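The values are calculated or read from the model by the stated rules, or taken from the named source; none is laboratory data. What you see is a predicted model; the values in this text were computed from it and never measured. Cβ: placed from backbone, ideal geometry, glycine included. Neighbour counts: every protein chain shown. Ligands, DNA and RNA are stripped out before the accessible areas are found, and what is left, the full protein with its side chains, is counted by its heavy atoms. Shrake-Rupley method; radii C 1.70, N 1.55, O 1.52, S 1.80 Å.
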Amino acid sequence: MNFELKSLDLAAAAALVSDALVVLVPAGFKPGKEALAALIGQALKAGDLESKPGKLLPLYRPAQAKSTRVLLVGTGDGSAKQVRQAVTAAVGALRAGTPAVKKLALCFATAPSSGAVRAAVTATADASYVYTTTKSKSEGRTLVRVTLGVPQASASKGEFAQAVAAVAGIEMAKEWANRPGNHATPTLLAQAARSLSRLPKISCQVLGPREVEKLGMGSFMAVARGSEQPLRFIVLQYNGAAKAQAPTVLVGKGISFDSGGISMKPAAEMDEMKFDMAGAASVLGVFRALGELQPALNVVGLIPSCENMPDGRAVKPGDVVTSMSGQTIEILNTDAEGRLILCDALTYAERFKPRAVVDVATLTGACMIALGSVRSGLFATTDELANQLMAAGEAAQDLCWRLPLDDDYADGLKTNFADVANVAGRAGGAITAAKFLQRFAAKYPWAHLDIAGSAWKSGAAKGATGRPVGLLLDFLLASQASKPAATKTRQRSRSA
Ligand code: BES
Ligand code: MN
Ligand code: ZN
């Protein structure tokens with residue numbers, strides 16, 4: 001899908017010839033003299049158009065515009081959030097209609113508020129996305145070209161560029177998370193990561209079972225034992241700044257299918273455990289976006305990837321393994337495998353002397369129970385890091401919420417047979433999982449995003465969301481903005 005940003009007032013928008021014209025109308029819109037604006041004014045006055053976000057008024061061949069179909073949409077207070085709701089409703093309605101819209105013009109009737117352009121771009125992409133990879137007839141997305149009209153394009157350039165890059169990253173994350181387990185094995189994920197090294201400033205290294213054994217990643221290896229698919233440990237590097245600048249390390253859980261292992265999951269909805277590499281997919285997506293934007297930053301992406309399967313060789317409840325950190329772990333439940341692969345990646349992260357490490361994982365059903373699908377779970381060992389991630393989530397409309405890390409929550413992880421057990425009781429399950437990880441992240445500021453509830457949707461709309469690519473990208477770019485000017489040479493301006 002192709003996005004372009006143009007300076008368009010309502011008269012210019014009306015003169016565009018496209019399959020559909022969507023006009024975003026905030027509350028308190030004051031119509032000017034041009035015909036389309038006057039029409040909008042009348043519709044508002046008559047109550048046929050409401051400015052509540054997502055309220056639609058479809059018009060067919062109105063004399064006031066050249067496009068066949070015109071959709072007036074209320075955007076409420078015009079905030080990024082309400083613009084997102086409005087665009088989601090509008091593009092959803094157009095998608096449901098016939099004939100298909102290939103060329104769309106999406107125009108703000110008034111100057112967009114901060115974040116609204118980004119919201120419009122990402123919501124348009126989201127509402128028109130179609131997965132095709134494993135269908136025999138690939139009837140994909142019909143929308144190919146989107147012209148985004150704003151009164152003054154120069155004011156939104158930076159935000160627009162970031163949004164377009166975010167869309168590329170989000171769609172890469174969706175693609176890989178959506179692929180079935182047999183089409184997204186650890187080997188295939190590693191190939192996808194390798195292909196990213198074609199982008200500027202990105203390099204990729206892939207380790208296999210022998211290298212991982214040499215590193216002493218006994219915990220990661222224990223999970224991979226039950227599968228015929230060989231594990232992969234993916235190391236991505238984006239070098240956009242001087243070598244001396246400490247990198248941010250992103251770690252993504254890459255379980256390409258989670259059967260639970262010997263502690264097997266029930267059959268219902270087990271297919272959704274193909275999404276258990278959504279954290280890994282989001283790291284790939286962030287690198288895809290970095291390659292496009294090329295900010296002056298250093299970022300490392302680490303992806304431990306394997307299947308979690310039951311087998312004669314599989315790890316068993318009660319087994320004790322030795323992690324790369326030297327800490328021994330009693331595996332009481334083989335379904336708590338995410339933390340077992342992440343802990344070795346967190347130890348590996350030390351070698352980069354990182355500014356911060358953020359891991360991203362579909363880690364616990366408990367987090368989904370706690371926060372639902374609206375906000376990802378956030379844990380952090382410094383307030384600074386927590387605040388930065390929270391703010392990035394707000395800016396990108398990819399929300400998270402901080403949960404606590406009191407040491408008392410780690411009590412349940414005590415065992416008589418190893419340094420730590422991999423599970424505690426059912427209570428506070430998202431937090432006890434984070435407490436387990438924290439033991440391996442003592443050497444740098446660390447945050448953990450539990451995306452169990454936010455990474456995909458179930459039911460009729462089953463599919464990956466591409467979260468939290470938007471959050472992570474904003475977090476990384478904001479860290480660059482706070483650096484001294486000398487390191488900002490390649491930065492595109494952010495109008496946040
Ligand atoms: N991948 C799952 C977590 C999950 C479950 C995410 C359902 C989204 C929906 C993870 O590996 C897991 O199985 N966690 C267990 C941990 C438990 C055994 C302590 C869980 O949440 O049930
Ligand atoms: Mn599991
Ligand atoms: Zn899992």
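Remarks
- Ranking Leu71, Val167, Asn182 by Cα position along the charge dipole of the chain, where only Lys, Arg, Asp and Glu carry charges on their C-beta atoms, puts Leu71 farthest toward the positive end.
- Relative contact order, percent, the chain [alpha-carbon distance under 8 Å, six or more residues apart]: 15
- For region 163-218: rounded, prolate or oblate by the Cα gyration tensor [a/c cutoff 1.5]: oblate
- Loop trypsin sites (Lys or Arg not before Pro), region 82-126, which have at most 11 other Cβ atoms in a 10 Å radius of their Cβ (DSSP): none
- Relative contact order (percent, whole number), region 2-154, Cα cutoff 8 Å, 6+ residue spacing: 33
- When +1 charges are put on Lys and Arg Cβ atoms and -1 charges on Asp and Glu Cβ atoms, the dipole computed for the chain relative to its Cα centre reaches about 1720 debye.
- Normalised by the number of residues in region 63-120, the mean separation of alpha-carbon contacts (under 8 Å, six or more apart) gives a relative contact order of 45 percent.
- Average projection, convex hull of the Cα set of the chain: 23.4 square nanometres.
- Note on region 437-451 and region 313-352: Cα centroid distance 14 Å, given to the nearest whole angstrom.
- Using the Karplus relation 6.51 cos²θ - 1.76 cosθ + 1.60 with θ = phi - 60°, the per-residue 3J(HN,Hα) values for region 426-443 come to 6, 5, x, x, 5, 6, 5, 5, 5, 5, 4, 4, 4, 4, 9, 10, 7, 8 Hz, with x marking Gly and Pro.
- Shape call, region 172-311: gyration tensor on alpha carbons, a/c limit 1.5: prolate
- Folded to 0 to 90 degrees: helix 469-481 orientation relative to the chain principal axis, Cα: 90
- Candidates per GluC sites (Glu not before Pro) in region 214-285, loop by DSSP, up to 12 other Cβ within 10 Å: Glu228, Glu269
- The string of couplings for region 208-217 from the Karplus curve (6.51, -1.76, 1.60, θ = phi - 60°) is x, x, 5, 5, 5, 5, 4, 6, x, 7 Hz, one whole number per residue in order, with x for Gly and Pro.
- Positive-end residue of Pro26, Ala89, Cys107, charge dipole of region 2-154 with Cβ unit charges: Ala89
- Within the chain, helix-based [θ] at 222 nm, where runs of 4 or more DSSP H residues each add -39,500 (n - 2.57), nearest 500: -10500 deg cm²/dmol
- Around Thr68: net Lys/Arg minus Asp/Glu count, Cβ-Cβ under 10 Å: +2
- Summarising the amide proton neighbourhood of Leu72: residues at separation of 5 or more, or on other chains, whose placed amide H is nearer than 5 Å comprise Val23, Leu57, Leu59.
- Approximate shape of region 2-154 as ellipsoid semi-axes (Cα gyration tensor, √5λ), whole Å, largest first: 25, 16, 15
- Relative to the dominant Cα principal axis of the chain, helix 383-395 is inclined by about 30°.
- Solvent exposure of the chain amounts to 40 Å² per residue of accessible area, where only protein heavy atoms count and the probe is 1.4 Å.
- Taking other residues whose beta carbon is less than 9 angstrom from the beta carbon of Lys265, and scoring Lys, Arg as +1 and Asp, Glu as -1, yields -3.
- Sparse-neighbourhood loop sites, trypsin sites (Lys or Arg not before Pro) in region 127-199 - DSSP loop, at most 12 other Cβ within 10 angstrom: Lys135, Lys137, Arg198
- Other residues whose C-beta falls under 9 angstrom from the C-beta of Gly463 contribute a net charge of +3, scoring Lys and Arg +1 and Asp and Glu -1.
- Protection proxy ranking, peptides 282-294, 50-62, 406-418, average beta carbon neighbours within 10 Å, highest first: 282-294, 50-62, 406-418
- Helix axis angle, 157-178 relative to the chain longest principal axis, alpha carbon, degrees: 50
- Reachable lysines, given that their alpha-carbon falls under 21 Å from the alpha-carbon of Lys201 and they are not under 8 places away in the same chain: Lys243, Lys353, Lys483, Lys488
- The order of the peptides 467-473, 423-429, 366-372, 165-171 by mean Cβ neighbours within 10 Å, most packed first, is 467-473, 165-171, 366-372, 423-429.
- The fraction of accessible area contributed by carbon and sulfur in the chain is 52 percent, rounded to a whole number (1.4 Å probe; ligands and nucleic acids excluded).
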